[in-house]
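The values are calculated or read from the model by the stated rules, or taken from the named source; none is laboratory data. All values derive from a computational prediction rather than experimental measurement. With ideal geometry, Cβ positions are generated from the backbone for all residues, glycine too; neighbour counts draw on all protein chains shown.
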């Protein structure tokens, strides 16, 4: 049963990443002063696809889309919230992890995209804590198995009920022949620093670990008997709130619904538009500069609300990438273009730089960082075309540096009276948008000679034409009008003809130059192995563990060690 | 055509990793003063299996076994050699990389093991340069494609003939739908620091890059017209020799053939023995301590030659691991045991510590380090049993720390008059044997609290019983005689029943806690993605690129991006 064959529930035509609390089926978001409570209470009949029930607080992509939305809204709409308590609305179960029937029936592509998104959501929880002072506490009142425990692992503090039953577990290996792939293996040893042999034991038992051993082995932070659980939560919440660096004040910004139209071959938002050329297996993503300069001050930004350009364009771009990833599987190339007045983009960049201490400006910067990270781990070829009329300056220039290749026109085109294209850098290219492995895109780009980063930084404020940009190493190729069409066409055609798998593997290697962090290890070591396992008959074959789970039949394994 | 179905050439019963220069079919090793020349001149008809020819200096595992042997002998047998020139014995071709027909017909397990070994060999070249002052220069006289260029990438300096034809290329993605997986992608961006967009271009063209652009893009270090090529090699060789820290003097140690007997269910060497229990899918590897204390001085060591215990046991253990990896694919567990007088092991450790400045002592230490690294990346469950009569002290204790789990008996066994087992640490546990990600095994183990490493170090010279070892965190479980048999049996049975794939993925994640290095990235990011691709129909299916290569038919791809 492939995901394409599967029918989306409730007549949906595509998977939609946009939602809002009033439409949540699986989560309840309650805010009380400086504390929010996110309660997971999955609607069994609310699966994204038909054909499975989400029992025992198990989840599918639809459940995680709501969680990601809630985490995002907490940052923008609730400046006063310093602590978020994640708990279960069910008795005696926290969360049973990803739904097995959903996984067993999903295509390989859906499995991979599902895991990528859930990983991004969990990284987002940690990003909230680290960069916005919204710290997460998980309260485990029963079984937290697999993805359930992985969700808890992404929080800052895990409290486990000490009732002789509540336990944390990663039973994927013994039960399902797959990995705890939503960061579980990595966070156990790299974040919680569980000793590797303890981790080996823990990850190979079905029943999990509870009570004092869970604390001694660092799997949870503390345990509390049920009679004292609420008191303990209250105590920790107050403590975490007191230690939070969250400096939000005033009202938040309501993340109003995006203005979006999805047609057969296009998606339109206010500032982003997507055109899909199916024959060429290409999606062109055009980004429009703001119509005017940035507001004069913070009050002006707050008055703009969700239409503050960097916030709106980030939301539109984020939705674009997610939509293309999951709903347009045959698109091989994402081609970034831009148009409009670069001076206005730079004006917003200057605003984001000058006001970075303000909580809301910080949120916008952090969000753009996350959108760019999402692009970095998107398994499509990324290309930027810098043409007349474009505005790849400052923040938007990050798309040039995120791309696998970039092409820039030398001079103008015959019959086109727009000026030749130019690039311009801003402070936003030199720090605020690190990649998941900790380097900025320019630091990554210039590993051979870090002084090239300084050379680039010295050009801030200067307009760079194609030859200058090429000389500085900021673009891949500068081409003149005579060569442009042919070169680009041949490149697109060739690229679209290659095996998508080898491109995915190649891009995942070449994009992440240099160091690795816990976050990048999750997308590298852990995800790559999981994807391998997701191809292996021992997991996904007719007799494999995922297929046979719950059938009463034991899986049959090919016992060859590879 | 699976590797099991394939017939080993020349009537061989198993793949043998032992060879010596007089038996080489594919390489010539010539030593002249401080310079050695390794000439690759592959015998087309000398493939390891029947069914393919090794044209154009393409290689299979058999070719690489000779290379690994040569690199190893250069370190031990040729103390005076400071520079090794790697070149081709063919006209107009350096090396065409891994043989495609071999790959197309190999089992998944053989592909993976082949890549693992070739990666280890290339890491070995770099280890020679870094730690023994034997620096490698690659002379590319023609096409260096795929694995051919990857071999060059593992050297310190690449000279490319500038004749309008010689080129370096990584054509795997466009031609074969797989990755340059022998470190190629990683070394291009992480070692040679080729800009990622240049790397993207380079890795997606079939024809490669030659001449000035190859230098400008950092793909090679220099070019020379054929008329000046020999002069250039000579110049660089002298320069590298002058800068080498190699301080070998006197005669080397001849690596005489191992004394080895391979039977149906056992392998016997002088100090290592292997017993395979096929029903239990388990191989027990027993290591014997030296019969006497270490020699008094360097002269004594040189007199012992290849029978110097740490060298001999390292060679035997290395051969054991390689043999089990490739010839015993259904063995799930490697169980390490030891026996003999630990005081003698510690005496050798003290010798290795006191004399580390001597070139040969350094070689022995570096070799043990590499053997342990090979164990770390072996995709079998590793277990150490610390029982009465064992000698897991100092260097041998690294096997305890390399294991996924270790069990140690508390006290003695009924009816066994040997004293209770003990552990003892030495200086060798605190630096000389780092893992591929740069940490010692104890640093890896004690990420949660680095002062635990200091606590362990403070015990050097102290005998630790099971409870003390457990308290210090040096073993996983201390068990008494009553529980031992049942606990171990259940663990072995359970482990052998799990999906081998999920164990491979789990172990690859849990063993490498914390940072990554270029070397560990090759085994993590690159290899994991390659293994995924090696499962994908676009590469290995009937219509995939590996199968169709050379058939005149274009591969057919499923264009879904995953």
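Across the range A:190-209, a minimum of one residue is classified as in contact with a strand residue (DSSP E or B) (Cβ under 6 Å, 6 or more places away or on another chain) and farther than 28 Å from residue B:515 by Cβ. Taking the criterion of being surrounded by fewer than 22 Cβ atoms within 10 Å (Cβ to Cβ) and facing chain B (nearest Cβ under 7 Å), the residues of the range A:536-561 that qualify are A:557, A:559, A:560. Given the structure, is residue B:18 assigned to a loop (DSSP other than H, G, I, E, B) and over 22 Å from the mean Cα position of the chain (by Cα)? For residue B:18, the condition - assigned to a loop (DSSP other than H, G, I, E, B) and over 22 Å from the mean Cα position of the chain (by Cα) - is not met.
Working carefully through the options B:89, B:105, find the one that is surrounded by fewer than 24 Cβ atoms within 10 Å (Cβ to Cβ), modelled with pLDDT under 95 and over 21 Å from the mean Cα position of the chain (by Cα).
Details: B:89 fails: modelled with pLDDT under 95.
When all the criteria are applied, what remains is B:105.
Residue A:300 fulfils the conditions (1) surrounded by fewer than 20 Cβ atoms within 10 Å (Cβ to Cβ); (2) in a loop (DSSP other than H, G, I, E, B) except for a single criterion, (2). Of all residues in the range B:39-59, those satisfying the criterion of being touching a strand residue (DSSP E or B) at 6+ places or on another chain (Cβ under 7 Å) and either surrounded by 20 or more Cβ atoms within 10 Å (Cβ to Cβ) or closer than 23 Å to residue B:101 by Cα (or both) are B:40, B:41, B:42, B:48, B:49, B:56, B:57, B:58, B:59. Checked against (1) away from every other protein chain (no Cβ under 11 Å); (2) on the phi < 0 side of the Ramachandran plot; (3) over 26 Å from the mean Cα position of the chain (by Cα), residue B:461 passes all but a single condition, namely (2).
You will find that of A:503, A:526, the residue that is within 8 Å of chain B (Cβ to nearest Cβ), in contact with a strand residue (DSSP E or B) (Cβ under 8 Å, 6 or more places away or on another chain), under 19 Å from residue B:179 (Cβ atoms) and part of a helix (DSSP H, G or I) is A:503 and no other. Considering (1) closer than 26 Å to residue A:364 by Cβ; (2) in contact with a strand residue (DSSP E or B) (Cβ under 8 Å, 6 or more places away or on another chain), the lone condition that residue A:140 does not fulfil carries the number (1).
Exactly one residue among A:48, A:38, A:74 is more than 26 Å from residue A:302 (Cβ to Cβ) and touching a residue at least 24 places away in the same chain (Cβ under 8 Å), and that residue is A:48. Can you find even one residue in the range A:507-520 that is facing chain B (nearest Cβ under 8 Å), touching a strand residue (DSSP E or B) at 6+ places or on another chain (Cβ under 8 Å), buried (at least 24 other Cβ atoms within 10 Å of the Cβ) and farther than 20 Å from residue B:108 by Cα? Checked the range A:507-520: at least one residue is facing chain B (nearest Cβ under 8 Å), touching a strand residue (DSSP E or B) at 6+ places or on another chain (Cβ under 8 Å), buried (at least 24 other Cβ atoms within 10 Å of the Cβ) and farther than 20 Å from residue B:108 by Cα.
What about residue A:324, is it touching a strand residue (DSSP E or B) at 6+ places or on another chain (Cβ under 6 Å) and closer than 25 Å to residue A:134 by Cβ? So residue A:324 fails the test. Considering only residues in the range A:369-393 that are part of a loop (DSSP other than H, G, I, E, B) and either away from chain B (no Cβ under 14 Å) or under 10 Å from the mean Cα position of the chain (by Cα) (or both), the one that is surrounded by the most Cβ atoms within 10 Å (Cβ to Cβ) turns out to be A:392.
Say we look at the range A:186-207 and pick out the residues that are farther than 19 Å from residue B:475 by Cβ and at the interface with chain B (Cβ under 7 Å from one of its Cβ atoms); which of these is surrounded by the most Cβ atoms within 10 Å (Cβ to Cβ)? The extreme case among them is A:186. Taking the criterion of being assigned to a loop (DSSP other than H, G, I, E, B), in contact (Cβ under 8 Å) with a residue 60 or more places away in the chain and under 21 Å from residue B:332 (Cα atoms), the residues of the range A:539-562 that qualify are A:544, A:555, A:557. What is the residue count in the range B:21-35 for residues that are in contact (Cβ under 8 Å) with a residue 24 or more places away in the chain and in a strand (DSSP E or B)? Total meeting the criteria: 5. With B:270, B:275 as the choices, which residue is more than 27 Å from residue B:163 (Cα to Cα) and part of a loop (DSSP other than H, G, I, E, B)? Being more than 27 Å from residue B:163 (Cα to Cα) and part of a loop (DSSP other than H, G, I, E, B) holds for just one of B:270, B:275, which is B:270. Of the helices (runs of 4 or more DSSP H) contained entirely in the range A:394-480, those carrying at least 3 residues that are in contact with a strand residue (DSSP E or B) (Cβ under 8 Å, 6 or more places away or on another chain) and buried (at least 16 other Cβ atoms within 10 Å of the Cβ) fall at A:397-402, A:466-471. Taking the criterion of being under 16 Å from residue B:383 (Cα atoms) and within 14 Å of chain A (Cβ to nearest Cβ), the residues of the range B:324-335 that qualify are B:324, B:325, B:331, B:332, B:333, B:334. All of B:241, B:296, B:292, B:280 fail the test of being under 30 Å from residue B:81 (Cα atoms) and touching a residue at least 24 places away in the same chain (Cβ under 8 Å), apart from B:241.
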